[in-house]
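Visitor: The structure that follows is given in the form of structure tokens.
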Amino acid sequence: MSEALVALRAVTKVYRLGEVDVLALAGVDLEVPKGDFAALMGSSGSGKSTLLQLCGLLDRPSSGEVIWDGQEASAFREDHRAELRGKHIGFVFQTFNLVPTLSALLNVEFPLVFQGVPGRRRRVRAKELLTRLGLADRMLHRPDQLSGGQQQRVALARALAADPELMLADEPTGNLDSHAGREIMEIFRWLREEGRTIMMVTHDPEVASFSHRILRMRDGLLEDGA
Ligand code: ADP
Ligand code: MG
């Protein structure tokens, strides 16, 4: 197997809800090799989003290790983790999470501000991505002036702005009709062909069929074959 971009070793995650502990991940081992496209499936509450957040360095495990490109990342300071996320990891969510007051163009440029990319280069990059995703004539529209499928394409362009190695998508087609969903999956197909590493949560077997392998979760554990 080629080198893992991200790996989990005996990872648990416990959420404290008032007096109650919720065991969201119950001891997960996982290797995600570079270039992998893994679809994560399983019933609601099985721990899929939690697993994705840990792989994306958005959260830390309660126990176990999250290894990013060969290094134990759960021990890194938060500013270093934020820098890794900004440079190497793109996130896409079911609800798009665009900034409602900004145009499509500025939404895509936004993360590059934090990367210290100069204004002119930000603009060139954002235009290039939006054009590639079929939104050349929608760049100045705000999210509420776009369809769901268009908003998700803007969100994908934003996630790609920093040219990340790892793309994490949590039910990216969950709020879209099947036509718009298929357009999003075509984009993931290119990303796969470009050799990007992809992890995607989905309930849709047709969406999962674009992946290299399916990881099934149940009660905070990966079922065998992962
Ligand atoms: P999935 O994405 O498969 O639906 P999640 O990872 O969101 O599952 O959740 C796994 C379990 O952890 C569920 O029981 C959920 O209620 C719980 N959980 C998730 N996030 C939190 C949180 N921030 N606080 C408390 N419990 C949480
Ligand atoms: Mg979820």
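Visitor: Can you name every residue in the stretch 17-71 that is in a loop (DSSP other than H, G, I, E, B) and among the acidic types (Asp, Glu)? Spell out the reasoning first.
Guide: Initially, the stretch 17-71 is screened for residues in a loop (DSSP other than H, G, I, E, B), giving 18-19, 34-36, 42-47, 56-62, 69-70.
Listed by number, the residues that qualify are 19, 36, 59, 69.
Visitor: Also, I was wondering about something else. Based on this model, can you work out whether residue 106 counts as open to solvent by 50 Å² or more (accessible area, probe 1.4 Å), within 22 Å of residue 143 (Cβ to Cβ) and part of a helix (DSSP H, G or I)?
Guide: Values: open to solvent by 50 Å² or more (accessible area, probe 1.4 Å): yes; within 22 Å of residue 143 (Cβ to Cβ): yes; part of a helix (DSSP H, G or I): yes.
Yes, satisfied.
Visitor: Being of a type in the set (Ser, Thr, Tyr) and within 16 Å of ligand 1 (Cβ to nearest atom) is the filter; apply it to the stretch 1-22 and report the residue that is most open to solvent (accessible area, probe 1.4 Å).
Guide: 15
Visitor: With respect to residue 95, determine if the residue is within 14 Å of ligand 1 (Cβ to nearest atom) and part of a helix (DSSP H, G or I).
Guide: Details: within 14 Å of ligand 1 (Cβ to nearest atom): yes; part of a helix (DSSP H, G or I): no.
When the stated conditions are applied, residue 95 does not pass them.
Visitor: Okay, next question. Of the residues 120, 213, 182, which is basic (Lys, Arg), over 25 Å from residue 84 (Cβ atoms) and within 19 Å of the chain's Cα centre (by Cα)?
Guide: On the way: 120 fails: within 19 Å of the chain's Cα centre (by Cα); 213 fails: over 25 Å from residue 84 (Cβ atoms).
One residue alone meets the criteria, 182.
Visitor: A further question on this structure: Checking residue 219 against (1) among the charged types (D, E, K, R); (2) modelled with pLDDT of 95 or more; (3) in contact with a strand residue (DSSP E or B) (Cβ under 6 Å, 6 or more places away or on another chain): exactly one of these is not met. Which one?
Guide: Condition not satisfied by residue 219: (3).
Visitor: Continuing with this model, one more query. Being open to solvent by 60 Å² or more (accessible area, probe 1.4 Å) and either within 16 Å of ligand 2 (Cβ to nearest atom) or of a type in the set (D, E, K, R) (or both) is the filter here; which residues of the stretch 23-62 pass it? I'd like the intermediate steps shown before the answer.
Guide: Restricting attention to the stretch 23-62, the residues satisfying the condition of being open to solvent by 60 Å² or more (accessible area, probe 1.4 Å) are 23, 29, 31, 34, 43-45, 53, 58, 60, 62.
Passing the criteria: 23, 29, 31, 34, 43, 44, 45, 53, 58, 60.
Visitor: All but one of (1) within 16 Å of ligand 2 (Cβ to nearest atom); (2) charged (D, E, K, R); (3) surrounded by fewer than 21 Cβ atoms within 10 Å (Cβ to Cβ) hold for residue 123; state the number of the condition that does not hold.
Guide: So residue 123 meets the others, but not (1).
Visitor: Oh, and also: Are there any pairs, at least 6 apart or on different chains, whose C-beta atoms fall under 7 Å, with the first in the stretch 95-122 and in contact (Cβ under 8 Å) with a residue 60 or more places away in the chain and the second surrounded by fewer than 19 Cβ atoms within 10 Å (Cβ to Cβ), and if so, which?
Guide: Cβ pairs passing all conditions: 95/175.
Visitor: Something else about it: Could you grab me the full set of residues in the stretch 197-226 that are open to solvent by 90 Å² or more (accessible area, probe 1.4 Å) and part of a loop (DSSP other than H, G, I, E, B)? Please lay out each step first, then the result.
Guide: Here is the first cut: in the stretch 197-226, the ones open to solvent by 90 Å² or more (accessible area, probe 1.4 Å) are 203, 205-206, 212, 216, 218-219, 224.
Matches in the stretch 197-226: 203, 212, 219, 224.
Visitor: Could you tell me which residue of the stretch 21-46 is nearest to residue 221 (Cα to Cα), considering only residues that are without any contact (Cβ under 8 Å) to a residue 60 or more places away in the chain and not hydrophobic (A, V, I, L, M, F, W, C)? Break it down into steps so the answer makes sense when it comes.
Guide: Pass one, the stretch 21-46, residues without any contact (Cβ under 8 Å) to a residue 60 or more places away in the chain: 21-22, 31, 44-45.
Next, from what is left, pick out any that are not hydrophobic (A, V, I, L, M, F, W, C): 21, 31, 44-45.
On the way: 21: 17, 31: 14, 44: 13, 45: 11 Å.
By that ranking, first place goes to 45.
Visitor: Conditions: (1) surrounded by 15 or more Cβ atoms within 10 Å (Cβ to Cβ); (2) at pLDDT 95 or above; (3) under 25 Å from residue 55 (Cβ atoms). Residue 112 meets all but one. Number of the miss?
Guide: Against the list (1) surrounded by 15 or more Cβ atoms within 10 Å (Cβ to Cβ); (2) at pLDDT 95 or above; (3) under 25 Å from residue 55 (Cβ atoms), residue 112 comes up short only on (2).
The values are calculated or read from the model by the stated rules, or taken from the named source; none is laboratory data. Everything numeric here is computed off the predicted structure, so don't read it as measured data. So basically every Cβ, Gly included, is an ideal-geometry build from the backbone, and we count neighbours across all protein chains shown. These area figures cover heavy atoms from the full protein model, side chains too; ligands, DNA and RNA do not enter into them. Shrake-Rupley method; radii C 1.70, N 1.55, O 1.52, S 1.80 Å.
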